[in-house]
Amino acid sequence: VLDQPHQPALTRADRILVFDNGTRRGWSRVLELDAQSQEVVWEYIAEPREAFFSETRGGSHRLPNDNVLVTESNRGRVFEITPDGDIVWEFYNPNRREHPDGSGMQRQAIYRMTRVEAEFLAGAPPFRGAHR
């Protein structure tokens, strides 16, 4: 059962990759479904499950190397996982803001992330991000 899913995308013939927020259950997952049989053919769930949760937003897409790039929007985190579920790369948004409930600082959300190959950036000027 999907709980507030986001960004469904066709990955292969008859397969759909989807970010399942898990808003009511309190943990997120990424699923790849067979569109014909409606069976789960691949799934990523963190251990412990609550270590991966984005109540709203979020996204995932399969990369050319068969890994999956996952945007855990609300926690300001993006990570790449192998088909076996190993994290091979992750990024945390360095920008922080006061949590709305006054409980301290939190990372700013990331809506979506797209992987850009190094060749695409060849000759581009260096990035100068905002500092806080």
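For the reader, a short list of remarks on this structure follows.
- For the residues Y92, Y111, the requirement of being farther than 22 Å from Q4 by Cα, among the hydroxyl-bearing types (S, T, Y) and open to solvent by 20 Å² or more (accessible area, probe 1.4 Å) singles out Y92.
- Residue check, V70 open to solvent by less than 90 Å² (accessible area, probe 1.4 Å), in contact (Cβ under 8 Å) with a residue 40 or more places away in the chain and touching a strand residue (DSSP E or B) at 6+ places or on another chain (Cβ under 8 Å): yes
Quick grid of which residues meet (1) of a type in the set (A, V, I, L, M); (2) touching a helix residue (DSSP H, G or I) at 6+ places or on another chain (Cβ under 6 Å):
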site	(1), (2)
G58	no, yes
L69	yes, no
T82	no, no
P100	no, no
M105	yes, no
M113	yes, no
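- Strands (runs of 3 or more DSSP E) within the range 59-132 that include 2 or more residues β-branched (V, I, T): 68-72, 77-81, 87-92
- Verdict on L17 being in contact with a Ser or Thr (Cβ under 6 Å, 6 or more places away or on another chain), modelled with pLDDT of 95 or more and under 21 Å from D84 (Cα atoms): yes
The values are calculated or read from the model by the stated rules, or taken from the named source; none is laboratory data. Quick caveat: nothing in here was measured; it's all calculated off a predicted structure. Cβ coordinates were reconstructed from backbone atoms using ideal geometry, including for glycine residues, and neighbour counts include every protein chain displayed. Ligands, DNA and RNA are stripped out before the accessible areas are found, and what is left, the full protein with its side chains, is counted by its heavy atoms. Shrake-Rupley method; radii C 1.70, N 1.55, O 1.52, S 1.80 Å.
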